[in-house]
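Q: Sharing a structure here in structure tokens format.
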Amino acid sequence: MALLPILAAAAVAAAPAPAAPVEAPGPLAPLKGSYLAPAGKPAAVVVIVPGSGPTDRDGNNPMGVAAAPYRLLAEGLAEKQVATLRIDKRGMFASRAAVADANAVTIADYVADVRAWVKVARARSGLRCAWLLGHSEGGLVALAAAQQPEGICGIVLVSSPGRPVGVLLREQLKANPANAPLLDQAMAAIEALEVGKKVEATTLHPPLRALFAPQVQGYLIDLMRYDPAKLAAGVRVPVLIVQGERDLQVSAADARALAAADPRAKLAFVPGANHVLKAVAGDDRAANFATYANPALPLATGIVEPIADFVTRPPRPR
């Protein structure tokens, strides 16, 4: 495992053109996204694979996230001569017509969509391959897609789980003392889903009913079958792992698990960065989560630089 230094940006590039709408083929109707090109020919092109739930192409979702991390990341990469393609997932937002039911989905479905977007990114940029940047759960999708690496230069895993989602859910729920009254039911529900059994959501505490809603349990069962570290061990393209040190949802243990599974991966820890890639000064949970709703905050220093450096000057192919 090699440690990437996090370097400050020195040069200022010309402003990129506005993001252009793009489409990829979907099951029932086109998938929709935004392509942001730098001024001049791009040195690389990156497909940003969004995280869990109803997360849109900007990295926002209606459950309290308005930080726009993907849009800000795309703008920052454009200044480094890197083009990006940001996407709305099938069944959601501008891609809602692509399927009849956004919840009737599997990781394999998302992988198929990512492959379609890779073709669009290559055609739009004129480059021979595209990079995948998976954020949070999108990292698992990127890892799964890279098992067959045709057209994929490599992958960047940002705040991505390195352990199965059941392990992560247990850890996240236990980390908040306010969840103490919910833990017995939550742990039992996770155990059931891990073995492919659905749970009766109406018997759960109200705060757990959204997490284990009947319409998402099929997806959770599928998701829980995947071990990100095992996927990382099977990847044969260059990998960069970027992990914020103030992330309350995915921890340094996840980044290290991914790096241990793929010893040739590059690992960059970003001091002060949280899960939505914003800078956080201290350990206060409320202050950390408050950044999730603030699009005016810039990305934390050290997020864009290692990514741009990696995709424009990648290590030798494996």
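Q: Can I get the semi-axes of the range 171-251's equivalent ellipsoid? Compute them from the C-alpha gyration tensor as square roots of 5 times the eigenvalues, in angstrom, largest first.
A: 28, 18, 10
Q: Continuing with the same structure: With springs only between Cα atoms under 10 Å apart, run a GNM on the chain and tell me which of 307, 241, 107 wobbles the most.
A: Evaluated over the chain, the most mobile residue of the options is 107.
Q: Rounded to the nearest 500, what is the chain's calculated 222 nm mean residue ellipticity when only DSSP H runs of at least 4 contribute -39500 (n - 2.57) each, over all residues?
A: Helix-only estimate at 222 nm: -10000 deg cm²/dmol.
Q: Taking the chain as a Gaussian network, where each spring joins two C-alpha atoms under 10 Å apart, which residue of 306, 21, 69 fluctuates the most?
A: 21
Q: If I model a spin label at residue 203 and residue 63 as a point 7 Å from the Cα along the Cα→Cβ vector, what separation in nanometres do I get?
A: 2.3
Q: Sticking with this structure for a sec: Which entries of 32/89; 41/80; 89/198; 230/278 have Cα-Cα distances beyond 18 Å here?
A: Flagged as over cut-off: 89/198; 230/278.
Q: With springs connecting C-alpha atoms under 10 Å apart, model the chain as a Gaussian network and identify which of 81, 243, 185 has the largest mean-square fluctuation.
A: Among 81, 243, 185, the largest mean-square fluctuation in the Gaussian network model of the chain belongs to 185.
Q: Please work out the Cα center distance from the range 113-182 to the range 234-272, rounded to the nearest Å.
A: 12
Q: Need one number: nm distance between label points at residue 222 and residue 183, each 7 Å from Cα along Cα→Cβ, rounded to one decimal.
A: Rounded to a tenth, the inter-label distance reads 3.3 nm.
Q: Provide the FRET efficiency to the nearest 0.05 for the residue 248-residue 128 pair, computing r from the beta carbons and using R0 = 35 Å.
A: About 0.35, to the nearest 0.05.
Q: So for the chain, taking the charge dipole from beta-carbon charges (+1 Lys/Arg, -1 Asp/Glu), which of 120, 182, 240 sits furthest toward the positive end?
A: Highest projection toward the positive end goes to 120.
Bear in mind that the values in this text are calculations on the coordinates, not laboratory data. Keep in mind it's a predicted model, so treat the numbers as computed, not measured. As a convention, Cβ positions derive from the backbone with ideal geometry for all residues, glycine included, and neighbour counts pool all protein chains shown.
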